[in-house]
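The values are calculated or read from the model by the stated rules, or taken from the named source; none is laboratory data. Note that the structure is a prediction, hence the values are computed from the model and not measured. Glycine also receives a Cβ, built like all others from the backbone with ideal geometry; neighbour counts cover every protein chain displayed. Just the protein is used for accessible areas: all its heavy atoms, side chains included, with ligands, DNA and RNA removed. Shrake-Rupley method; radii C 1.70, N 1.55, O 1.52, S 1.80 Å.
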Amino acid sequence: IFSRIWIQYIFDYQAIHADDPIQPFLMAETGMSKIIRGDLAIELTTGERYDLENNDAIETSVNGRAIITWPDHSVTRLSENTRIVIHHMYANTHYDKIEISMSLKKGKIWTRVVRTMIGDSYFETKLPKNDIVAAVRGTTFEINLEKNYIHAVRHNINLSDGLFHRVSLFPG
């Protein structure tokens, strides 16, 4: 009886906590990707993964693609020849506080935000021109700097600039 209770406890604990916030990481999907952390460059090839930290820069090669899994289990796919800088990433255990901020310097990303941001939570991508920030509350979106477009797939994206201009970009 004691063994059965102990085994049930272990399985229940894992089931309850299987969706807890995780250590964010980068996985090289194809080709070569690089994490730049201060003076250190960490190169990853197909199938390799490495934990991410605040202030990391990530670059994919000409033939490289990579996937970031954020602490709240959201996912960002980086296309070839893309560079981003991670400013801040955090998610607490109850997901009532999620803070993810990055800058897209060049290339193309596709992101699926899996949780609706509530309260002061945010998931934002800063763009290189005109201090534009694309912020979402829970959606799938794509930003392509090469072809100059932002595409909202399911919910709207809020765009703002340094002059407090705001506009909502609706799906499609």
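In table form, for the structure just shown:
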read-out: Relative contact order %, the range 70-137, counting alpha carbon pairs below 8 Å whose residues are six or more apart; value: 31 percent
read-out: Net lengthening on full extension, ASP39/GLU146 (0.36 nm per residue, minus Cα-Cα); value: 35.7 nm
read-out: Carbon and sulfur %, accessible surface of the range 65-135 computed with the full protein complex present, 1.4 Å; value: 47 percent
read-out: Average Cα contact separation per residue, the range 24-120, under 8 Å, 6 or more apart, as relative contact order %; value: 24 percent
read-out: Helical mean residue ellipticity (222 nm; -39500 (n - 2.57) per DSSP H run of 4+; nearest 500) of the chain; value: -3000 deg cm²/dmol
read-out: Within the chain, percent of DSSP bridges classed antiparallel, to nearest 5; value: 90 percent
read-out: Net length gained if the chain between HIS94 and ASN156 were fully extended (0.36 nm per residue, minus Cα distance); value: 19.9 nm
read-out: Whether the range 23-67 is rounded, prolate or oblate, judged on the alpha carbon gyration tensor where a/c under 1.5 counts as rounded; value: oblate
read-out: Violating pairs (Cα-Cα greater than 22 angstrom) within the set LYS106/LYS126; LYS34/LYS106; LYS108/LYS129; value: none
read-out: Point-charge dipole on Cβ atoms (K/R +1, D/E -1) for the chain, about Cα centre, debye to 20; value: 520 debye
read-out: All aspartates and glutamates inside 12 Å of LYS97 as judged from Cα atoms, apart from same-chain residues fewer than 8 positions distant; value: ASP72, ASP120
read-out: Rounded, prolate or oblate (a/c below 1.5 giving rounded, otherwise prolate when a/b exceeds b/c) for the range 107-150 by Cα gyration tensor; value: oblate
read-out: In order through the range 125-141: 3J(HN,Hα) via Karplus (6.51 cos²θ - 1.76 cosθ + 1.60), integer Hz, x for Gly, Pro; value: 10, 8, 9, x, 10, 6, 6, 7, 10, 9, 10, 10, 10, x, 5, 10, 8
read-out: Amide H contacts of GLY64 (H built 1.01 Å from N, under 5 Å, at least 5 apart or other chain); value: MET32, ASN81
read-out: Percent RCO, i.e. relative contact order, over the chain, from Cα pairs under 8 Å lying at least 6 residues apart; value: 14 percent
read-out: Most mobile of ARG65, ARG37, ARG112 in a GNM of the chain (Cα contacts under 10 Å); value: ARG37
read-out: Extension gain (nm, one decimal) between ARG112 and ILE67, 0.36 nm per residue minus Cα-Cα; value: 15.1 nm
